[in-house]
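The values are calculated or read from the model by the stated rules, or taken from the named source; none is laboratory data. This one's a predicted model, so the numbers in the text were calculated from it and none came from an experiment. When we count neighbours, we look across all protein chains shown, and the Cβ atoms used for this are built from the backbone with ideal geometry, even at glycine.
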Amino acid sequence: MATDIAAAAEALLKARRDRIWLEALPEGARPATAAEAAAIQQRVAEARGPIGGWKVGAANPQAEPGAGPLNTVDLILTPGSVPASRFNVVGIEAEIAYLLGRDLPPRDTPYSREEVLDAVQSVHPVIELVDTRFTRLGVTDPLSHTADQVNHGALVVGPALADWRRIDPVNQPVRLSFNDKVVVEHVGGNTAGDPIRLLQWLADTGARAYGGLSEGMIVTTGSCTGLLMIEPGTRVKAEFPGLGAVEIAVD
C-alpha cells in the first residue's frame, strides 16, 4: 500500500498550527523511502509559503546527500533575538551557507563545479536552530524526521563575505559560544567534506522537483560543530575566523 503523503503532510502542518507534538506520523502515512520523505517535505513547504533556501548535508564525503527546503518565514536575516516559545526544542549548529547570485535551473547535463562556484554571490556564517514537530528529536523513525524538514527550526544568517573564494571550508576554523563560554572550537567539523559537492547535487537532483535553485536563495551546507541543545536565555555566537561571525539570543 502506498504511503499517504497528504495525510503525513497534514499531520505535520497541524502539529505546527496547534503545537501538539507528534509521537509518530499516522499509520499508513510514514515514509518508507527517501523519495516519500522528500514528497512530504515538499507538501509541507509549499503549504507554508515561499521557499527562500535549502539545507543540504551528507554523512560523509562519499555518501548520497540529503536536503530540505527552507521557507522564507524561517530565515532570520537581521540577527538579534528570537523567542524560545517559537520552538518545541532548540538545538544549535554552526554552519557555512552560500547565497546564490544566479539561477541554477534543472537541466539534462549535470552542473560542473565551476558553474556552481560562479553562481555563488557570497558566503555567510549561519546558525541553524534545530527543532522538531515530534515530541522530541529521535522519537520516531529517521525518515519521518527527514520528512519533518530534516529537524529544521530557523536559520540565522550572518554577514556576507563577498571575497569568499579564498575560504577553504573543509579546513575552516570554527568557534561556538553560549553566553560567552566557548563550547566548541576546532577546525573543519562538517562530516560531508567539500560543500561544493553538496551544492552540485542540490542543483542537479535535490531541488529539481521545485524548479531548481533561484537567485537569492541561501543554501546551508551542514553542521561544523555537531548538535548542541540549549535552554531559553542563551546567547549563541558562531565565529568562523576569516569568514565572519553571527549571533542570536534565544529568549
Inset, instruction - Say whether the condition of being touching a residue at least 60 places away in the same chain (Cβ under 8 Å), of a type in the set (V, I, T) and within 30 Å of P106 (Cβ to Cβ) is met by at least one residue in segment 164-184. - result: yes
Inset, instruction - Please name all residue pairs, on different chains or six or more residues apart, with Cβ atoms under 9 Å, provided the first residue is in segment 129-148 and is farther than 13 Å from A15 by Cα and the second residue is acidic (D, E) and not in a loop (DSSP other than H, G, I, E, B). - result: L129/D74; L129/E93; V130/E93; L143/E36; A147/E36
Inset, instruction - Inspect all residues belonging to segment 231-243 and state whether any of them is β-branched (V, I, T), at pLDDT 95 or above and surrounded by fewer than 21 Cβ atoms within 10 Å (Cβ to Cβ). - result: yes
Legend entry - Test: residue in segment 39-60 that is at negative phi, β-branched (V, I, T) and in a loop (DSSP other than H, G, I, E, B): no
Inset, instruction - Return yes or no: is S112 closer than 21 Å to Q172 by Cβ and hydroxyl-bearing (S, T, Y)? - result: no
Inset, instruction - Among the residues of segment 2-36, count how many are under 12 Å from L143 (Cβ atoms) and exposed (fewer than 15 other Cβ atoms within 10 Å of the Cβ). - result: 5
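Conditions (1) part of a loop (DSSP other than H, G, I, E, B); (2) crowded, with 21+ Cβ neighbours inside 10 Å; (3) in contact with a Ser or Thr (Cβ under 9 Å, 6 or more places away or on another chain), marked per residue:
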site	(1), (2), (3)
E95	no, yes, yes
V116	no, yes, no
V123	no, yes, no
G138	yes, no, yes
Legend entry - Matching option when the condition is modelled with pLDDT of 95 or more, within 24 Å of V82 (Cβ to Cβ) and among the polar types (S, T, N, Q), among N179, N171: N179
